[in-house]
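Undergrad: Here's a structure for you.
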Amino acid sequence: MIRKPLIRLAVMALGLGCACAASAANYFSTVLIQGLHSPRQLAFGPDGSLYVTEAGVASGSGPSTILRGETQTYTTSGSITRYANGSATRVFTGLPSIYGATSLDVVGPQGIAFGPLGLPAIAIGAGVDLTVRTTDLAPVGINLAQLRLPAGNTADLGAFEFANNPAGGARDSDPWHVAALGDGSWLVTDAGGNSLLHVAQDGTTTLVASFASRALGGPGPTEPVPTGVAVGPDGAYYVAELTGFPFVPGAARIYRIAPGGSPTIFATGFTMISDIAFAPDGTLYALEYDSNGLLAPGSQGALWKLNPDGSRTLVFSDGLENPSGLAIHDGAFYISDFGHSSTDGEVVRIAAVPEPETWALMLAGVGVVGFVRRRSRARG
């Protein structure tokens, strides 16, 4: 499926039988997968397949707890879907998940990255009072706030947050996205703990950096809520922030952290970043979850390119709604869309529209050349 007509006559002339769409002049989107359950981070595996985490569905029964007046229920509806050769298959199911009865927010498998040996690490979120993992949600609640490692062991990121609470405030852990390091270890953003964590192969967890709250006009300090993480071509770690309530437009930033150093502000002016990724040429791209903030009507996201001079360029926004994950592969962007929907999530591929000269040549090959030849025969 491809969204909204673009250059319809050209497509019809080529006999492709599709409709294309562009929102930022030079790109179109193709829907690759539909019916996903709250899709989050996605990554390409060594087999060339695309893998996407699904946090789960907002239904089912299990142990429950009350958070801010809302019942939160534990299920095993989380999963991982693989897309290969034009078809999608859930290859991992029965993963931990928890949902809110009123908000229908779902937390579960949220991060995935493949290490140097070609095996993935999977981050499982939580977003609840960490004590209830072993009380209200027992005995299965302990499966939340974990990083599942390739060797079959796990890193208990919730336990690290509870013991250390590096950013201060309430003890809250919600692992979001994962990045692989070349030595087989991992970086994980904890959106609840407001921290970036390093996890060794044996599960040993240490703090890379914590991020401070700011006064942005809410009833209290606004938390940074770190989301996307990527290793730059310079070897530094880049971390994006969503920002919490009141979700001020333009308040989200991207941090740069040199190994062993402290966070510095790399880019500003974004709204609710859900993920970031570097292209092979070293260009950084940022994905916004909701470009005008959650408190304003609408939920359209956007994909931005960061330019060397510090400016940014809109790449694509048409049809994006609460996009949650970004991957770049073979010159195209892959985005997990409708991340808030536990039934209608999608993965879309965004690629550049061929240059006008290319379209002209293609059209000529189909119909215009035939016209010229007929004219030539008539003259002969």
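No lab work stands behind these numbers, since they all come straight from the coordinates. If you're wondering where the values come from, they're calculated on a predicted model, not measured in any experiment. Because the Cβ atoms are built from the backbone with ideal geometry, glycine has one as well, and the counts that use them run over all protein chains shown.
Undergrad: Quick one: compute a quarter of the convex hull surface over the Cα atoms of the chain and quote it in nm².
TA: Reported value for the Cα convex hull: 21.0 nm².
Undergrad: Sticking with this one: Amide H to amide H, which residues 5 or more places from TYR27 or on other chains are under 5 Å from it, using H placed in the peptide plane?
TA: VAL353
Undergrad: If you build a Gaussian network model of the chain, linking Cα atoms that sit under 10 Å apart, which residue out of ALA296, ALA159, ALA230 swings the most?
TA: Between ALA296, ALA159, ALA230, it is ALA296 that shows the largest mean-square fluctuation.
Undergrad: Using per-residue counts of other Cβ atoms within 10 Å, averaged over each peptide, order 218-224, 305-311 from highest down. Display every interim value, and only then the final one.
TA: Details: 218-224: 16.6, 305-311: 11.1.
Packing proxy ranking, top to bottom: 218-224, 305-311.
Undergrad: Could I ask something else about it? Per-residue HN-Hα couplings for segment 336-349, Karplus 6.51 cos²θ - 1.76 cosθ + 1.60 at θ = phi - 60°, whole Hz, x for Gly and Pro?
TA: So the Karplus estimates, Gly and Pro as x, are 7, 10, 6, x, 8, 8, 8, 10, 10, x, 9, 10, 10, 10 Hz.
Undergrad: Over the residues of segment 24-68, compute the C-alpha Rg and express it relative to 2.2 N^0.38 Å. Walk me through the numbers before you get to the answer.
TA: Numbers: Rg = 16.3 Å, N = 45, 2.2 N^0.38 = 9.3 Å.
Against the compact-globule rule of thumb, the ratio is 1.75.
Undergrad: Oh, and also: Considering only the other residues whose Cβ falls under 13 Å of the Cβ of ASP105, what net charge follows from Lys and Arg at +1 and Asp and Glu at -1?
TA: Net charge around ASP105: 0.
Undergrad: Quick one: net charge of LEU207's neighbours, Cβ under 13 Å, K/R +1, D/E -1?
TA: Summing Lys and Arg as +1 and Asp and Glu as -1 gives -2.
Undergrad: Still on this model: How much net charge surrounds ARG312 when only the other residues with a Cβ under 15 Å from the Cβ of ARG312 are counted, with Lys and Arg +1 and Asp and Glu -1? Walk me through the numbers before you get to the answer.
TA: Values: positive: ARG253, LYS305; negative: GLU288, ASP309.
Summing Lys/Arg as +1 and Asp/Glu as -1 gives 0.
Undergrad: Show the residues, 5+ positions off or on another chain, whose built amide H is closer than 5 Å to the amide H of ARG312.
TA: When sequence neighbours closer than 5 places are left aside, the close amide H contacts are ASN307.
Undergrad: Now for a different question. Show me the ranking of peptides 184-193, 257-266 by mean Cβ neighbours inside 10 Å, starting with the highest. Walk me through the intermediate numbers first.
TA: On the way: 184-193: 25.8, 257-266: 13.1.
Descending mean neighbour count gives 184-193, 257-266.
Undergrad: Turning to a different aspect of this structure: With just the Cα atoms defining each centre, how far is segment 101-178 from segment 28-83? Give it in Å.
TA: Rounded to whole Å, the Cα centres lie 14 Å apart.
Undergrad: Calculate, in nm to one decimal, what PHE44 and LEU216 gain on full extension: separation in residues at 0.36 nm each, minus their alpha carbon distance.
TA: Numbers: separation 172, 0.36 × 172 = 61.92 nm, distance 3.68 nm.
Answer, rounded to one decimal: 58.2 nm.
Undergrad: How far is it, in nm, from the label point at LEU117 to the one at ALA332 when both lie 7 Å from their Cα along the line to the Cβ?
TA: Distance between label points: 3.2 nm.
Undergrad: Using the count of nearby Cβ atoms within 10 Å as a rough guide to exposure, how do PHE278, PHE338 rank from fewest to most?
TA: Values: PHE278 16, PHE338 24.
With the fewest neighbours first, PHE278, PHE338 line up as PHE278, PHE338.
Undergrad: A follow-up question, please. List every residue whose amide H lies under 5 Å from the amide H of ASP105, counting only residues 5 or more places away in sequence or on a different chain, with H placed 1.01 Å from N in the peptide plane.
TA: Amide H neighbours of ASP105, under 5 Å, 5+ apart: GLY100.
Undergrad: Taking the chain as a Gaussian network, Cα atoms linked when under 10 Å apart, which of GLY127, GLY115, GLY298 shows the biggest mean-square fluctuation?
TA: Of GLY127, GLY115, GLY298, the Gaussian network model singles out GLY298 as fluctuating most.
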